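Read the figures in this text as sums done on the coordinates, not as results from a lab. Since the model is a prediction, treat every value here as computed from it, not as a measurement. Glycine also receives a Cβ, built like all others from the backbone with ideal geometry; neighbour counts cover every protein chain displayed.
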Amino acid sequence: MLLILIAVHLLSRDSIAVPLPHPPDARATSDSCNDINNSRTLFSVVWGCLVTIFACTWVSVHPNVPPPNQSRLQLFRRRLKMMLIAIIAPELMAGFAARQFFGSRDLTNDFKFSSTQAFFFCMGGFVSPAGHPIATKEQLEDPDVGSELQKAIRNVNDQEIMDKSKGDALSKGVALLQGLWFILQCLARVHQRLAITQLEVATLAFAIVNIFIWLLWWNKPLDVQWPIVVGPTLSSQATAPDQFSRTTGFDQFLALIFGFAGDKYHPLSSVSVPSFWSVLSANEDRASMILSLVGIVFGAIHCAAWNAVFPTLHEMRIWRTSSLVIIAVPSLISLVVASFWLPSGFGSVFGIIVILASPIYIAARIILIVLPLVELRYLPASAFLDVNWSSYVPHI
């Protein structure tokens, strides 16, 4: 974060812009405007965006229970990986959250679990005395031990589960309020015809998308590091206690988009669930539709800066193209979901297209992360004017 702030400071000095074919807004190379009483600095703009992005990714991401005996560095790297995925493709994280939300709701209806117990089950929070995860409906429906497992899980108090959570309603509420406050600031700037930087547009997209993630994961415990042992000892199917022995990185990438297939993960041959594991739900199509719709919304917010003032014509075209790409790929995912009601073969075709388009999508997302920082070198003068909040207060 310090390196980013130093880079912003250097970019804000002695920079010039290539003229656009249309008359640009008044430009400013300084880091503030002349009206000291109603101004903001470049540092305050960047800092506000970084704080909001951090709250929208680090605080909102709720990882599954990790393997046992993980070091602090391993736990940090694991959560950092999820944070980077949430930055590059936040709609994928929204789809993962939706998949766990619908899976937990099915568990609540089918097995009479509480919402907290159901979420804890989905995230691999329950293990047998032998250390194997209890994480599939097949285990709960087993004719030999299924009823015992269901009873043992229902006997675990919600308070005991939430005691393992590193977050509560207050911490989640503070992060949510930070996002809502940023959205309110952007709306006020639009209303008062003040320029919004491309970095703020990108941050606004993060804030809106992560509202969906917060709401879907509201009852999911945060950053749990140790599971709860319940039920009888289950017979093991294999001796290798590595959950990645049967789930490759490519399988997990596809699982993040479409969910895990029933034959891709075997809990009795592992000691924890995969990073993006969730119980297979009857509403998988709804979760995939939420993923695609959130992705379309995310791209549409970037398109809101379609006619913004850019330092160069090339940067404007790159921004527009990248914004359209991150709308198109989620739209393809929605076609994959819709293809299940079409003749056989269409789903495979759309799936191949999505896989081939994924590198283009990732490149577009990286561009929309880097480009807003580069464009801080030369901003419209009104970008340094702060919102006049007194105009919204009733007065005579």
- Query: Taking neighbour counts of Cβ atoms within 10 Å as a proxy for exposure, in what order, fewest first, do ASP386, ASP163 appear?
  - Reply: ASP163, ASP386
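Could you line up HIS266, HIS62, HIS191 from fewest to most neighbouring Cβ atoms inside 10 Å?
Working: HIS266 17, HIS62 27, HIS191 11.
Lowest count first: HIS191, HIS266, HIS62.
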- Query: In what order do MET289, MET93 fall by count of nearby beta-carbon atoms within 10 Å, going from fewest to most?
  - Reply: MET289, MET93
- Message: Which order do the peptides 132-141, 357-366 come out in when sorted by mean C-beta neighbours inside 10 angstrom, highest first?
- Response: 132-141, 357-366
- Task: Take the alpha carbon atoms of segment 126-218, find their radius of gyration, then divide it by 2.2 N^0.38 Å using N residues; give the quotient.
- Result: 1.75
- Note on the structure: At the level of C-alpha centres, the distance separating segment 111-180 and segment 353-376, in angstrom, is 36 Å
- Item | Other-chain or far-sequence residues with amide H under 5 Å of VAL127's (modelled H) | ILE134, ILE228, VAL229, VAL230
